[in-house]
Every structure is written in structure tokens, then in C-alpha cells.
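Notes to accompany the following structure.
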Amino acid sequence: MTDRATVEDLAARGATAVAPASLRALYREAFDEYGVRALWSSRAVEQPTIADLLAITESLRVEGGIAGRRLAEQIIAACRAAL
């Protein structure tokens with residue numbers, strides 16, 4: 001359900017869609033909790049798009065441990081719902 005092609009398709013559809021407030025909160029949470037450890041190669045943006053949110057999910061899954069993986073899945077599910 002969250003295979004790479006699906007996430008890439010969502011990112012393409014959400015490239016220009018500014019993320020709603022609930023998704024921006026998840027984005028800020030990801031950077032607050034995992035910024036140095038898992039998102040060190042990413043830069044937070046002020047008004048993230050849905051594509052910006054999806055771009056950080058792979059790093060969260062790989063570098064964020066089990067809690068980061070859960071947050072990544074939560075972000076993906078919320079992006080699906082928003083689109």
C-alpha cells in the first residue's frame with residue numbers, strides 16, 4: 001500500500017498543493033523530533049506542500065527507528081486523505 005511508486009505518484013499529484021494545517025503539524029513534529037537524527041539532509045520549509053511531506057518519509061522510515069517509521073506511515077496516510 002505504501003510502495004515507492006504509490007508515494008511517488010502522491011508526491012507528483014501534491015507537488016503544488018500546500019499542505020493543510022494538520023499535515024503541517026506532522027511536518028513540524030517530524031523535524032522537531034527527528035531533524036538531526038533522521039532528516040539531517042533535508043531542510044524544513046515554511047509552507048510545505050504535500051510533496052514536501054512525502055519527501056521526508058523515506059528518511060523517517062530508515063533513520064527514525066520504529067517511532068519514525070510510524071510517523072512516516074501516518075504522514076503518508078494523511079497525504080492520501082488530503083488528495
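The values are calculated or read from the model by the stated rules, or taken from the named source; none is laboratory data. Please read all numbers here as calculations on a predicted model, not as lab measurements. Virtual Cβ from ideal backbone geometry, glycine too; neighbours counted across all protein chains shown.
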Out of the residues in the range 62-75 that are over 10 Å from the mean Cα position of the chain (by Cα) and assigned to a helix (DSSP H, G or I), state the one that is surrounded by the most Cβ atoms within 10 Å (Cβ to Cβ). Gly68
Quick count over the range 1-29, residues being under 21 Å from Leu39 (Cα atoms), acidic (Asp, Glu) and either touching a strand residue (DSSP E or B) at 6+ places or on another chain (Cβ under 9 Å) or at pLDDT below 85 (or both), is 2
Determine, yes or no, whether Ala78 is surrounded by 16 or more Cβ atoms within 10 Å (Cβ to Cβ) and not in a loop (DSSP other than H, G, I, E, B). yes
Taking the options Arg69, Arg61, Arg80, name whichever one is closer than 14 Å to Ser22 by Cβ and not β-branched (Val, Ile, Thr). Arg80
Starting from the range 12-30, keep only residues that are touching a residue at least 40 places away in the same chain (Cβ under 8 Å), then list their pairs with residues that are in a helix (DSSP H, G or I) and among the hydroxyl-bearing types (Ser, Thr, Tyr) whose Cβ atoms are within a distance under 8 Å, requiring at least 6 positions of separation or different chains. Ala19/Tyr27
Out of all the residues in the range 31-47, is one or more closer than 13 Å to Ile76 by Cα, within 12 Å of the chain's Cα centre (by Cα), assigned to a helix (DSSP H, G or I) and in contact (Cβ under 8 Å) with a residue 12 or more places away in the chain? no
